[in-house]
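Chemist: This is the structure I have questions about; it appears just below.
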């Protein structure tokens, strides 16, 4: 940040932040999340919608990409007190399977699985708020905020422990669908590049292929070709952070609308077509029931916005 000006010479009230070359290209909402650490995301979006946040003195949308030299008006944003109770609105998500031990949801894209890192609450907090009578609800695994699809929630501690054991042992199959840039070559390919977590200079968590990283294994299969794009299936044999996204991007096939590892021109193109989310969906899960051992084969269909894009690509190869 090259310049921060405080209105009226008073301590932190309104700030003006001039964007430097290292910050250029970020979305406005992501930039604010980084410089306003601890402020609930809902507060930041409300400030943008109300016009309290401005760029070059004008109202702006959350998805605006900052340019070098832009002057961002950052209003005073109140941090919640440590003892202040958080309001979490209850929400129900589409249920794919449920019994006394296990709940499997179809998580929408854009919703975090839990609160933290600038997010006030996620699926699990909203689910607990919607089901106050539930004695036990715990995430059995995670999905990226930008990924939609099957999410397992344990309803008993013994089922949670068993699910964790099964995932460590590699039991079951988790399969995803992704739309990637370029014409995928092989019908089936094993990707085993090790993955390493790191932080960008702005403090953003990223992952890269690195010999010093942890072992990772993704099996990618071709599902459909669209000329400049391909629909692929990806099966996880390990569960590293951003594993599918990084393996595909490193191979030269970034996922469409992936903000971290994808291409800006592709993201802008598909936004004009109505797709404003990453095209990655956890669609299939084959796993033994954690208590009974009965085989479960669960499926969450591709969301409507993803199906619309595939239909468009079929008509416009």
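Chemist: For n ≥ 4 DSSP H runs only, could you compute -39500 (n - 2.57) per run for the chain, divide by its residues and tell me the 222 nm figure to the nearest 500?
Modeler: Values: 7 runs with 67 residues, N = 317.
Computed mean residue ellipticity for the chain: -6000 deg cm²/dmol.
Chemist: Sort 209-220, 251-262, 121-132 by packing, meaning the average of other beta carbons within 10 Å per residue, with the highest value first. Spell out each step's value before the answer.
Modeler: Values: 209-220: 15.8, 251-262: 20.5, 121-132: 17.6.
Ranked from most to least packed, the peptides come out as 251-262, 121-132, 209-220.
Chemist: If you consider only alpha-carbon coordinates, what radius of gyration and Dmax does the stretch 4-74 have, in Å?
Modeler: When restricted to the Cα atoms of the stretch 4-74, Rg and Dmax are 11.4, 31 Å.
Chemist: Listed highest first by mean packing, meaning other Cβ atoms within 10 Å per residue, what order do 159-167, 103-111, 87-95, 241-249 come in?
Modeler: Details: 159-167: 18.1, 103-111: 19.7, 87-95: 12.6, 241-249: 23.0.
Taking the mean over residues of other Cβ atoms within 10 Å, the ranking is 241-249, 103-111, 159-167, 87-95.
Since every read-out is calculated from the coordinates, none of them should be taken as a lab result. Model, not experiment: these values are computed from the prediction. We place every Cβ from the backbone using ideal geometry, glycine too, and count neighbours over all the protein chains shown.
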